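Notes follow the structure.
The values are calculated or read from the model by the stated rules, or taken from the named source; none is laboratory data. Treat the numbers as computed from the prediction; the structure is a model and nothing was measured. Using ideal geometry, Cβ is built from the backbone for each residue, glycine included, and neighbour counts are taken over all protein chains shown. Heavy atoms of the whole protein, side chains included, go into the accessibility calculation; ligands, DNA and RNA do not. Shrake-Rupley method; radii C 1.70, N 1.55, O 1.52, S 1.80 Å.
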Amino acid sequence: MVGSVHEIKIIVKERFDNRTSVVKVKVKIVSPESPRISIISEGGNKINPSDKLKLSGEVVSSFESSGLLLWSINDESISLEDVSLSDIKRRIIPSSLSSSLSSSSNLMRITKISLVLPSNILPQQSTFTFTLQFNSSSSLSSFSSSSSQLFSSSSITITTNSPPLPGIYEVSPSNGGLMLETVFSFVASQWEDEDIPISYEFSYQSPFSSTNYLVHRSRQEISYSSSKLPSSNNGNNNGNNGNKLLLTQVKVFDILDGKSSSFMSVEVLEKKISSLEIQNILESSLLSSEGDVEEMTKSISLGSSVINSLDCSKSPVCSSLNRENCMRKEGSCGSCLSGYIGEEGDSNSICKSISSFSLNSISSKLLLNSEIKSKQFITKQLNNNNNNNCKSNSDCNEDNWEECNIISGKCEIQSKNCSNNCSNVGRCVFVSKYNKSEYLSECNVLDVDCESYCDCFEGYVGISCGLVVDDFKRLSESRHKLVESLNRLSLIGEENVNNVKFWLEGLSSISIDSSLIEDETKYLMGILSLRYLNIAKELKMSYEDISSVGNILDLILDINLNNNIENNNNNNNNNTNNNSRINITNNSRINSTRSELILSLLNSYNSFIQGDMVIGQKSVSVMNNLFRVTHYSVDNFIGSLSSSSSSSLESSSNSNSIISLFPPRSQIEELT
């Protein structure tokens, strides 16, 4: 009978220990003319709150039917319209094919509509019912069931997993240990979860990012580990920011990949070591750990941390500039904190709160002016409106990033500065961000197309001219060996989600300063990124998991394969110590041009993100230093044909994706 509801129950019982599992489904009988709706959850009916939720809805209806499809949830505290990454409504209209197919009453059309929720929207250990409803209506604003309207719906129940209950996490010694020498022990105990077995992963904070961690013991059921550590007086943990501790972490997983984390800070004393000592320690560590996955993981993480150590002692108090701590450039603070705008990237210029701009300020007028499309216009307007006479910086408007030009006696937008004043062994020049051989006469903090650059005196190299040539060669060689070791580790390690993330993040941690990496190494990093992306695609990882590929792409866009790899190869042929290198300069590799590598990696990156999107999902944009990628997932058809005998003439429903390569806009331009 139409309108009646029936419950179907399936009970599965284990023969020996009497364990049971029950699945129930309710079926409501609807009119034969009503559309048939089905829902599938890509990740199953039990998910982790840290995972995205993807629901795929399919509606089979006649070509004459019209109405509105709407997703809903049985929890009023969650507004799907506000949090969903896809549209929650879709209008079905009569097809233009309906008149020509009127005689074929057995033909139906298929309409697909998906619901995608970002991670951490659904609370843990909870159950939700998601419903996809169809209601025929002649009014777009009407969505209520009545006797004169066709109405049908389908629901799916999603349960969120509860991660392991917190236990104890201990690190010893907690202070007084010496970098690269003291062996620290890490122990997790008394963690509980019903979805056993429980496994553990140990890591420490990367000196280059407040959110990334370097794994020193990959996920295992063993709840303890040991490792040497880098100095806590380095990078993200250094400078005049009051943080002299290294943050360590344990991640605890259940069998369903639900995870909890616990943190502990330790003091690791610094030891001054030369580039030659770093090279010897790294080579010895990599050699002794060869073939042992756990030991190789420790060596790679420790090596990438030590080899990229920074002297942040001359950086200012970054919190007073509303910037992240010094972590990528010596003597320079990091990027602007969330909610603040200013010079892009690492800098010691102040960042301003967006909410602090008054309506009468020049900055607010710029932000509110929708006609502003370029940094040239911003710079011109600031100069025209604030070209005041001055004797000192106090006479200028700091809210507009102004400073006093003592020579002209006029207020001007601040110029970009070089890291660490080029260590007093170089001169600070301005160059195009996209061609460092193109010198510019000026470059202010709002100009996204230029950057300050240290033109080092003879015998010195590096982003702040802080290295002599011999040190640069040793560290470059060590970086290449780290990448080769990571390649060998990935060949013998298990291909799972956590390991792929570590491999990609490992490449990213080696690539903090592109000026200190040879093009040959960058090329190898690009090749490995391609392989890891293919593995990630097979594992059905999300595009959020492989975000570090963007950093690798920035490096690949910054190499000159045709000239440098061959030159490096000629140099290496004269050095017998390089016989163990992967031979990436053979004829087939030499014939691979820079553009081919870029396109190959871009296409793979693009394909990965596209494959993780669903029909109707809102656009996904990825913005890095030298490129921007925007993806659009569009349903290209109103509905596909389907016959009642279950055969279908379904047209393609793949996502469309658009890639754009052009200079990124500054934060201020983004707001306009």
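Give me the residue from region 120-145 that is modelled with pLDDT under 85 and open to solvent by 50 Å² or more (accessible area, probe 1.4 Å) and, out of that set, nearest to residue 7 (Cα to Cα).
145
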What number goes with the only condition from (1) at pLDDT below 90; (2) in contact with a Cys (Cβ under 9 Å, 6 or more places away or on another chain); (3) under 24 Å from residue 353 (Cβ atoms) that residue 416 does not pass?
(1)
What number of residues within region 488-501 satisfy the criterion of being in contact (Cβ under 8 Å) with a residue 60 or more places away in the chain, open to solvent by less than 20 Å² (accessible area, probe 1.4 Å) and in a helix (DSSP H, G or I)?
1
Is it fair to say residue 452 is at negative phi, hydroxyl-bearing (Ser, Thr, Tyr) and in contact (Cβ under 8 Å) with a residue 60 or more places away in the chain?
no
Residue 269 vs (1) more than 30 Å from residue 340 (Cβ to Cβ); (2) hydrophobic (A, V, I, L, M, F, W, C); (3) open to solvent by 30 Å² or more (accessible area, probe 1.4 Å); (4) touching a helix residue (DSSP H, G or I) at 6+ places or on another chain (Cβ under 8 Å): all pass except (4)
Considering each residue of region 290-321, count those that are touching a residue at least 40 places away in the same chain (Cβ under 8 Å) and either buried (at least 20 other Cβ atoms within 10 Å of the Cβ) or in a helix (DSSP H, G or I) (or both), and give that number.
20
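Tell me, which residue of region 337-356 that is among the hydroxyl-bearing types (Ser, Thr, Tyr) and part of a helix (DSSP H, G or I) is farthest from residue 393 (Cα to Cα)? Can you show your working first?
So in region 337-356, the residues among the hydroxyl-bearing types (Ser, Thr, Tyr) come out as 338, 340, 347, 349, 353, 355-356.
Right, trim to part of a helix (DSSP H, G or I) and you get 355-356.
Details: 355: 24, 356: 20 Å.
Filtering region 337-356 for residues that are among the hydroxyl-bearing types (Ser, Thr, Tyr) and part of a helix (DSSP H, G or I), the one farthest from residue 393 (Cα to Cα) comes out as 355.
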Taking into account only those residues within region 198-208 that are in a loop (DSSP other than H, G, I, E, B) and touching a helix residue (DSSP H, G or I) at 6+ places or on another chain (Cβ under 7 Å), which is nearest to residue 297 (Cα to Cα)?
206
Of those in region 15-47 that are among the aliphatic types (A, V, I, L, M) and open to solvent by 70 Å² or more (accessible area, probe 1.4 Å), the residue farthest from residue 63 (Cα to Cα) is 22
Meets criteria (at pLDDT 50 or above and closer than 30 Å to residue 524 by Cβ) for residue 657
no
Looking at (1) open to solvent by less than 10 Å² (accessible area, probe 1.4 Å); (2) within 23 Å of residue 454 (Cα to Cα), which is the one condition that is false for residue 484?
(2)
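Identify the residue in region 605-619 that is under 25 Å from residue 57 (Cβ atoms) and in contact with a helix residue (DSSP H, G or I) (Cβ under 6 Å, 6 or more places away or on another chain) and, among all such residues, is surrounded by the most Cβ atoms within 10 Å (Cβ to Cβ).
Result: 612.
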Note on region 1-28: residues aliphatic (A, V, I, L, M) and under 17 Å from residue 131 (Cβ atoms) are 5, 25, 27
Quick one: residue 327 ticks every box in (1) modelled with pLDDT of 85 or more; (2) hydrophobic (A, V, I, L, M, F, W, C); (3) under 19 Å from residue 417 (Cβ atoms) bar one, so which box is it?
(1)
Somewhere in region 448-467, is a residue open to solvent by 20 Å² or more (accessible area, probe 1.4 Å) and assigned to a helix (DSSP H, G or I)?
no
For region 276-289, what are the residues that are open to solvent by 10 Å² or more (accessible area, probe 1.4 Å) and of a type in the set (S, T, N, Q)?
279, 280, 284, 285, 288
Test: residue 334 is within 24 Å of the chain's Cα centre (by Cα), assigned to a helix (DSSP H, G or I) and at pLDDT 85 or above:
no
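In region 179-197, how many residues are open to solvent by less than 50 Å² (accessible area, probe 1.4 Å) and part of a strand (DSSP E or B)?
Summing the residues that are open to solvent by less than 50 Å² (accessible area, probe 1.4 Å) and part of a strand (DSSP E or B) in region 179-197 gives 5.
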Within region 37-82, can you find the residues that are charged (D, E, K, R), in a strand (DSSP E or B) and closer than 16 Å to residue 158 by Cα?
46, 54
Check 233, 241 and return the single one that is at pLDDT below 85, out of contact with any Leu (no Cβ under 8 Å at 6 or more places or on another chain) and open to solvent by 20 Å² or more (accessible area, probe 1.4 Å).
241
Could you check how many residues of region 335-348 are in contact with a helix residue (DSSP H, G or I) (Cβ under 8 Å, 6 or more places away or on another chain) and either open to solvent by 10 Å² or more (accessible area, probe 1.4 Å) or without any contact (Cβ under 8 Å) to a residue 40 or more places away in the chain (or both)?
6
From 474, 479, grab the single residue that is open to solvent by less than 40 Å² (accessible area, probe 1.4 Å), of a type in the set (Lys, Arg) and touching a residue at least 40 places away in the same chain (Cβ under 8 Å).
479
